[in-house]
Structures are given as structure tokens and as C-alpha cells.
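For reference, the structure discussed in these notes is given below.
FYI, it's all coordinate maths here, none of it is from the lab. In this text, all values refer to a predicted model and were calculated from it rather than measured experimentally. Here the Cβ positions follow ideal geometry from the backbone for every residue, glycine too, while neighbour counts run over all protein chains shown.
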Amino acid sequence: MLRRFDKLLKCNLCYISGIHSRSKACKPVLKNCKKMFKSAVFNLQEATPDQVKEFLNSFDTVLSDCDGVLWINNNAIPGSPEAMNYFRKLGKRIFYVTNNSTKIRSDFAVKAQELGFIAEPEEILSTAYLVAHYLKGIGFTKKVYLVGSNGIGDELKAVGIRHFGVGPDQVKPDFKSMSPSDMDPEVGAVVVGFDEHISYPKFMKAASYLANEDCLFVATNTDERFPKSSSIIIPGTGTLVRAVETCSERKALVLGKPNDYVRKFLESFGLDPARTLMIGDRCNTDIEFGVRCGFQTLLVMTGVTSAKDLEKIRNDKTPPLPDVVLPKLGDILNLTSS
Ligand SMILES: O=C(O)COP(=O)(O)O
Ligand SMILES: [Mg+2]
């Protein structure tokens with residue numbers, strides 16, 4: 001028999017697929033479904049204390065996105081450390097799954113700890129780490145031309161892969177004077193991650209290496225923007241990846257959420273998808289990833305995807321909607337104490 005909370009989720013799915021009113025399973029919870037007509041996803045704040053309890057009992061593993069769920073830049077989102085630590089106290093296994101490539105795992109763990117989260121480097125799954133793991137896994141022995149930061153560079157170094165390219169390019173007085181002698185014949189892969197020193201010469205080099213079809217093209221993620229704390233837009237890594245794809249006329253192998261490499265990597269931990277919760281602030285990466293993996297999904301509204309975006313996604317039916325939504329992760333604590 002379906003539990004009450006499962007029924008709610010089912011109704012949500014029925015509604016999205018447009019067969020809500022014909023589904024018998026929905027009838028017992030039509031009252032709740034009416035609320036969903038407004039919000040399109042189940043707002044956990046509208047759950048009864050028993051439903052919240054059931055929700056908390058319905059997963060053993062929590063995968064949380066970082067930027068926009070746990071913190072923005074170097075500031076914790078109020079309540080997020082307490083909520084994550086509460087999950088841990090309940091005995092949940094925790095993984096921090098971030099598309100961010102600017103740090104090695106141990107530095108991410110230090111950042112998390114400084115912001116109040118209990119975190120170990122082994123619990124961090126960042127795209128810098130994934131790139132090194134991927135290249136090592138395929139036995140890559142050549143050099144990497146890296147459009148990215150030291151986060152990726154240090155992870156590559158840790159697995160014995162040579163790389164160069166971090167930091168500002170040595171721009172010649174006239175960029176058109178770049179010649180084949182400026183290219184390193186040992187390069188066998190171009191890796192693109194977040195690079196605050198991105199420049200025209202870097203695009204020229206990346207595209208020129210990629211003109212050799214044996215040269216691998218790997219990217220960390222395609223997030224369009226970082227979550228913002230003011231009206232200033234901070235372009236995300238997707239901006240750079242799409243630019244290199246354009247000038248190289250090739251498609252990158254993208255390792256970060258929502259792509260398959262993260263799922264394959266997590267498989268080694270033996271997670272039960274039905275009892276895993278993916279928390280995110282972005283529907284086209286975090287929630288899409290959770291849905292592809294068969295996880296439960298929780299969207300918080302402290303990062304990229306806004307209520308207005310959700311409405312648009314509901315109409316366009318893409319990317320997938322989350323199962324449940326909360327204004328911020330810390331709100332879960334208020335629901336459990338009532
Ligand atoms: O760095 C990014 O673009 C996003 O990082 P996130 O996956 O932790 O939100
Ligand atoms: Mg995020």
C-alpha cells in the first residue's frame with residue numbers, strides 16, 4: 001500500500017503528466033492536489049508533521065548541491081549547516097555534489113567546516129576531482145591544456161597528470177602572431193572548467209589543440225550562471241564551455257551534473273536510488289540529475305531557480321520538476337520541531 005506521502009508525490013507526478021483528474025490514486029488526496037495546481041510541486045511547508053516525519057524516514061542518503069543550497073560565495077545560507085548536520089545526526093549518509101571546479105576536495109571540506117558543516121574530503125564530489133578521476137580511469141598519459149583553475153590543476157597533479165594553462169595567458173602584443181611553435185605537441189586533452197582568466201588567446205589555443213581529433217575535449221559543467229547575492233550576474237562555466245565548443249566545432253564530454261559520469265561514480269557507493277535524496281537549487285542540473293538517477297528530489301529557492309522559473313518549467317515541461325520544494329534548506333528544521 002502506498003504511504004500517504006508517496007501518494008502525494010504520485011499525485012504530483014500525475015498532475016505533471018496531465019492525467020491527474022483521471023487517476024484513481026489521486027482521489028484520496030485531491031485536497032492536497034489542489035494546492036499543487038497552484039505550485040506544481042509539493043511544498044514541504046504544507047505537509048503535516050506526520051508527513052514531514054515520513055519524508056525524513058524515506059531516505060538514507062543525502063546528496064546536496066553546494067553553491068546556492070549550502071552557501072553563496074563564502075557565506076553559509078542561514079540554517080543550511082544546521083539542516084545538513086541534522087540529517088547526519090539522523091544517521092543519513094551525506095555527499096556534497098558540486099559542479100564547482102575551483103577547489104580540491106580537501107579545500108572544499110575546509111570551506112564547509114569553516115561555514116559550520118560537518119564534512120570530510122571523501123564526502124565531497126566536485127568536478128575538479130571528477131576530471132582527474134576520469135582521465136586517470138582511461139589511462140591518460142599525455143599533457144592537459146587546462147582552461148581552468150588550480151582546483152582542477154591540483155587534482156590532476158595528485159593523480160600524476162601533467163597540465164598547463166592556469167592563470168593569465170602570456171598575451172603577445174598581437175594575438176594574430178600566435179604560431180604553431182606556441183603549441184605543445186604533447187597535449188592530448190583540453191579540459192575546460194571555471195577560469196576567471198579566460199581570454200582570446202586561450203580560445204585560440206584550445207581550438208587549435210582540438211583541431212586534432214585525437215585530442216580529448218572534457219568539460220566540468222555547463223551551468224549558465226552562479227547563484228547571485230546582488231544584481232551582478234556572474235557567468236558560469238557553461239559560458240566558457242560553449243565558447244570553446246563553438247570555436248573548435250566540437251562537443252565536450254561534460255562530466256558534472258546532470259550527466260552520467262556522476263551517477264557512475266556514485267554507483268561505487270552502492271546507493272539505493274529510491275532511498276536517496278538529491279537537494280539542489282537548479283532544475284536543469286541538480287533536479288534533472290536526481291530524476292535521471294531515480295532519486296527523490298528537493299528544490300530550495302536560495303540559488304538559481306526561482307518561483308517564476310518553476311512556473312515556466314511547469315508550462316514547458318522541461319527540465320523536470322522536483323518532487324518537493326522548500327524556500328530554504330534550513331526550513332526543514334522548523335517543520336520537524338513543530
Ligand atoms: O560551480 C557551479 O557552477 C555550480 O556549483 P554547484 O553545483 O555547487 O551549484
Ligand atoms: Mg547550485
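For every other residue with a beta carbon closer than 11 angstrom to the beta carbon of Thr318, add +1 if it is Lys or Arg and -1 if Asp or Glu, then tell me the sum.
+1
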### Task
Might you report the magnitude of the Cβ-based charge dipole of region 128-254 about its Cα centre, with Lys and Arg at +1 and Asp and Glu at -1, to the nearest 20 debye?
80
#### Entry: Global form of region 231-321, assessed from the alpha-carbon gyration tensor, a/c cut-off 1.5
oblate
#### Entry: Relative contact order of the chain, pairs being alpha-carbon contacts under 8 Å that are 6 or more residues apart, as %
19
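Viscosity 1.567 mPa s, temperature 4 °C: give me the Stokes-Einstein translational D for region 169-236 in µm²/s, with Rh taken as the Kirkwood radius over C-alpha pairs.
Reported coefficient: 92 µm²/s.
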### Sparse-neighbour loop sites [trypsin sites (Lys or Arg not before Pro); region 253-338; at most 12 other C-beta within 10 Å; DSSP]
Lys317
### Query
What pairs from Lys157/Lys317; Lys92/Lys251; Lys103/Lys228 go past 31 Å between their alpha carbons?
Lys157/Lys317; Lys92/Lys251
### Message
With +1 on the Cβ of every Lys and Arg and -1 on the Cβ of every Asp and Glu, and nothing else charged, how large is the dipole of the chain about its Cα centre, in debye rounded to the nearest 20?
### Response
1400
### Query
Which whole-number value in Å³ per residue fits the convex hull of the alpha carbons of the chain?
145
## Note on the structure
Heads up, region 180-338 by the C-alpha gyration tensor (a ≥ b ≥ c square roots of eigenvalues; a/c under 1.5 rounded, else a/b over b/c prolate, else oblate) looks prolate
#### Entry: Between helix 307-316 and the chain: long-axis angle, C-alpha atoms, 0 to 90°, nearest 10
90
